[in-house]
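Trainee: I'd like to ask you about the structure that follows.
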Ligand SMILES: [Zn+2]
Ligand SMILES: [Zn+2]
Ligand SMILES: [Zn+2]
Ligand SMILES: [Zn+2]
């Protein structure tokens, strides 16, 4: 028996544009409206990226501040998770919004390949992002693009770089990183339970067409889901 | 019942210096002498790095040519594996020795963190190194620093980027990459057998004090060993 499934809605993401899908919310007001609809439909975490006027990904703290304020006003009680991912900025600019003290932020703890490049999360940047989250009371969501990232989260928890038991998201289906493989998915769950305890929560996200597959696997296995 | 264990001797490596251990063979003649002793003691693969006069790692094809020639002369029948690892050069310089047509070369197929930096193996470099190995008849040894690297090897084999069934080495105990974890080790073996067949060979290496641990695990599990 599992508790209720937490639905985390990624309202915008870092990549899709209006040209790909006219329904993608880009402006702050579009994002707040979209998140409110999802919140009313039952989503309780909003995973947020912000964009520049030309729709390119940004990590501008002022934009994040406006989004955070809008979400707090229109979706009272919704958990706001801001992305510190590498598609929206480089180096410490990726964590410039952490002093805003969102409820949560994403935290990549290792490096891996992406479709056409290296997703770079050098150890000193990982340490700095974690320390900023600690300093500002922000709960990290660990993005596990590969198995060793779960072990890195354990090490960081042991060292006090992560305060609470790590909340890990399995990211599958990224080309040149981990494919959406059911046996690996089950091994990820087993590893989370081994390292963090049998009742440790976890969530999963699939990229593109793998999203619905991962939702199915996660919900039916007692995990939480990312849209 | 398993066949005989293949011992691959890493005579020099990329990092240790005379100041760390006076016995580390650095010059070509020291390397050939050391490899010959190992060959006579039963090692059948030599994993090779070359160094500059000041002991810093190098990927100079002329140095590799001299080493290859010395090994072929003094260790007839020994399999020579040249490193294309990222500690000895950057970009395509890492593969400049492949036209020498060594029996084997190491091939990293993904990126991961190292103790203080990102070990960068961008997808286009991985593709190029693999194509050079194909063009020059060099058998790759896949260096798996994380689980997804085994899946990447499968994808490359399926696409014809790797000619024979991939020969994978599990690398464990690198700080910020995969620790030397026995359950993961067993899962690596299971994954190799699932993806490449129940009789697929594999080998394992541990970094520093993990070396002897990994040797024990590998030899007792039917794998091959790296010194
Ligand atoms: Zn995101
Ligand atoms: Zn701060
Ligand atoms: Zn090496
Ligand atoms: Zn060539």
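Throughout, read-outs are computed from the coordinates displayed, never taken from laboratory work. In this text, all values refer to a predicted model and were calculated from it rather than measured experimentally. Because the Cβ atoms are built from the backbone with ideal geometry, glycine has one as well, and the counts that use them run over all protein chains shown.
Trainee: Would you mind giving the average projected area, over all directions, of the Cα convex hull of the protein assembly as shown in nm² with one decimal?
Mentor: Approximately 22.9 nm², given one-decimal rounding.
Trainee: Here is a follow-up. Kirkwood Rh, Cα Rg: Rg to Rh for segment A:116-223?
Mentor: Rg divided by Rh gives 0.97.
Trainee: Identify which of A:26, A:212, A:11 has the largest mean-square fluctuation in a Gaussian network model of chain A, with springs joining Cα atoms closer than 10 Å.
Mentor: Of A:26, A:212, A:11, the Gaussian network model singles out A:212 as fluctuating most.
Trainee: Let me know the mean shielding of A:107-119 by other chains, meaning the per-residue number of their Cβ atoms within 10 Å of its Cβ.
Mentor: The per-residue average across the peptide is 5.
Trainee: Which distances in nm, rounded to one decimal and ordered from shortest, link the label point of residue B:134 to the equivalent label points in the other identical copies, with labels set 7 Å from Cα toward Cβ?
Mentor: 4.7
Trainee: Next up: Give me the extension gain from residue A:54 to residue A:124: residue separation times 0.36 nm, minus the current Cα-Cα distance, reported in nm with one decimal.
Mentor: 22.1 nm
Trainee: Okay, next question. At residue B:200, label 7 Å along Cα→Cβ: distances to the other copies, nm, ascending?
Mentor: 2.7
Trainee: Which percent of the Cα-Cα distances in segment A:7-226 go past 21 Å?
Mentor: Above the 21 Å cut-off, segment A:7-226 has 53 percent of its Cα pairs.
Trainee: Return the average number of partner chain Cβ atoms within 10 angstrom of each residue Cβ along peptide A:172-178.
Mentor: Going residue by residue through A:172-178 and averaging, the value is 4.
Trainee: Here's something else I'd like to know. Which of A:136, A:47, A:149 moves most in a GNM of chain A, Cα contacts under 10 Å?
Mentor: Of A:136, A:47, A:149, the Gaussian network model singles out A:136 as fluctuating most.
Trainee: Rounded to the nearest 0.05, what FRET efficiency do residue B:5 and residue A:190 have when you use their Cβ-Cβ distance and R0 = 41 Å?
Mentor: 0.90
Trainee: Most fluctuating residue of B:83, B:29, B:108 in a GNM of chain B with Cα springs under 10 Å: which is it?
Mentor: The residue with the greatest mean-square fluctuation here is B:29.
Trainee: Per the helix-only calculation at 222 nm, which mean residue ellipticity applies to the protein assembly as shown, given -39500 (n - 2.57) for every DSSP H run of n ≥ 4 and division by its residues, nearest 500 deg cm²/dmol?
Mentor: -11000 deg cm²/dmol
Trainee: Output, in nm with one decimal and in ascending order, the distances from the residue B:186 label point to the matching label points of the other copies (7 Å from Cα along Cα-to-Cβ).
Mentor: 1.5
Trainee: Name all residues of segment A:80-96 having a backbone nitrogen under 11 Å from the label point set 7 Å from the Cα of residue A:135 along its Cα→Cβ direction, giving them as ranges.
Mentor: A:96
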